[in-house]
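A short worksheet on the structure shown next.
No lab work stands behind these numbers, since they all come straight from the coordinates. In this text, all values refer to a predicted model and were calculated from it rather than measured experimentally. Note: ideal-geometry Cβ built from the backbone for every residue, glycine included; neighbour counts use all protein chains shown.
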Amino acid sequence: MSGTDIPHQSRRQLRLGAFLMGSGHHIAAWRHPDSPSIAGLDFQHFAQAAQAAEAAKFDLVFLSDSISVRSPDDPATHLAERSARLEPITLLSALAAVTERIGLVGTASAVYNEPFNVARRFASLDRLSSGRAGWNMVTSTNLFDPPNFGQPASLDHAQRYAHAAEFTDVVTGLWNSWDDGALRYDKQTGVLFDAEGLHPLHHRGDRFQVRGPLNVPPSPQTRPVLVQAGASDAGRETAARYAEVVFSAHQDFSEAQAFYRDVKSRLARYGRSPDELLVLPGVSPFVGRSEAEAQEKFEQLQSLITPEVGLALLRPLFGGVDLSAYPLDGPLPELPPTHQSKSRQHLLVELARREQLTIRQLYLRVAGARGHWQLVGTPSRIADELEQYFRDGAADGYNIMAPVLPGGLNDFIESVVPELQRRGLFRTEYETSTLRGNLGLGTVRRPGRHSSTQAAVPSAVR
Ligand SMILES: Cc1cc2nc3c(=O)[nH]c(=O)nc-3n(C[C@H](O)[C@H](O)[C@H](O)COP(=O)(O)O)c2cc1C
């Protein structure tokens, strides 16, 4: 069945992603006594986690990406598990073969790729998985990325978003190359596909010249779901213009609600309605049978963080500023504006100021989930919080960032998912066979063919 002609759920339900990350999202997860070694490079580890998430009816698995090792000279490099990782589309393609229904969302940079390659790889994953692919479009802030691509320095924040906007125009334009039904394989008449159903892109922009068409026809969900992560003003505008899912990071309810309202309010500018974009904040749950057990799990991981790793964790979040010259138990100093992630720096500075955290307390606070929301408690308390954000306009669902894998994801699946189902907040069976269908995103709009892919774009994005 096509993912676009779906029976809609009568009641709004929340969406769940399983964000898989090596031995877990907590920075010290790999040191946990129960962690499998080299989890981040082990296919069976990912396969079992994806299958467990699928059995629990999660909407999707999500893979982030980074395209550089921070620096071989940096002492923290060899302490961080993320220095060694697999390329997401390759891994998702293998996961497609061992799963049937769960969505497969992977991150790819809109700065250090050619749009034709990205369009083709995700369209191929989408066909291989019968309509379960999604592209998480990121603008790559890492200072160590440019030298891997022959570039001396990163583009600045505004330029990166301008680049990403044109890049995304090309990718989505290429995904629109084929009319539905153009592929005929008619043995009788010898017509393989209708020539008039295939449309070159003829894109000529400031940064890319791409003729097209794409040589991969549409999948059962028409095209991959477009996910975006980036939360500054330009990031939000990009989400409102292109994204169908936005992955976000928040520390508390009012921040999450303000983000939700703001990004949804921007959609009208692009002729879109609020339900055409789902907001999924990241959340890292530490689940215990009692509050004390949950707290114990949390403390055990926290105790494995060394100051060296804690400071190294903060550095990229603060635009490369090294805080090791400042007292660990003193306040956060004034920081210069960053060209890396403006939104993440803002989030952390606000948190430190609001709660008067020392540098050590700040890194301990973000080590669990890199600035994402952490929940420590019993299944029903965690379900209460997830329900509140969902009902009160702060989230459409969550990207679950298990602190340790597979244990943390299994805890969530075994105890929180049934609680959400009991409350009628989460499905007990998949509604459709495609990611787009299960997310309830409806039919892909097929705009008029490509006379121009340089639509008017507000200045925040250009
Ligand atoms: C929740 C979230 C997840 C992100 N995941 C990735 C990632 O996996 N890889 C990556 O290179 N950048 C990632 N980014 C970085 C963004 O694409 C962007 O470059 C960065 O956030 C700076 O933009 P901003 O100031 O608009 O947030 C992520 C950003 C956010 C907010």
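Between helix 307-317 and the chain there is an angle of about 40 degrees, using the helix long axis and the longest principal axis of the Cα atoms. Residue ranges 43-50, 14-21, 138-145, 179-186 sort as 14-21, 138-145, 43-50, 179-186 when ordered by packing (mean number of other C-beta atoms within 10 Å per residue, highest first).
By other beta-carbon atoms within 10 Å, ranking Glu237, Glu87 with the fewest at the front produces Glu87, Glu237.
The angle between the Cα long axis of helix 253-265 and the main principal axis of the chain comes to about 20°, on a 0 to 90 degree scale. When Asp329, Asp411 are sorted by how many other C-beta atoms sit within 10 angstrom of their C-beta, beginning with the fewest, the order is Asp329, Asp411. Building the convex hull from the alpha-carbon atoms of the range 306-366 and averaging its projection over directions returns 3.6 nm².
Quote the FRET efficiency, to the nearest 0.05, computed for Ser290 versus Arg12 with a Förster distance R0 of 35 Å and r equal to the Cβ-Cβ distance.
Calculated value: 0.65.
Mean residue ellipticity, 222 nm, helices only, the chain: the sum of -39500 (n - 2.57) across DSSP H runs of n ≥ 4, divided by residue count and rounded to 500, is -10000 deg cm²/dmol. For the range 72-216, the spread of Cα positions along the three principal axes, ordered from largest to smallest, is 66, 41, 20 Å. Can you give me the angle between helix 342-354 and the longest principal axis of the chain, using Cα atoms only, in degrees from 0 to 90, rounded to the nearest 10? The angle comes out near 30 degrees.
Put simply, when 253-263, 107-117, 267-277, 281-291 are sorted by average Cβ atoms within 10 angstrom per residue, most first, you get 281-291, 107-117, 253-263, 267-277. Listed by Cβ neighbour count within 10 Å, with the fewest neighbours leading, Glu419, Glu429, Glu355 appear as Glu429, Glu355, Glu419.
Normalised by 2.2 N^0.38 Å, where N counts its residues, the alpha-carbon radius of gyration of the chain equals 0.96.
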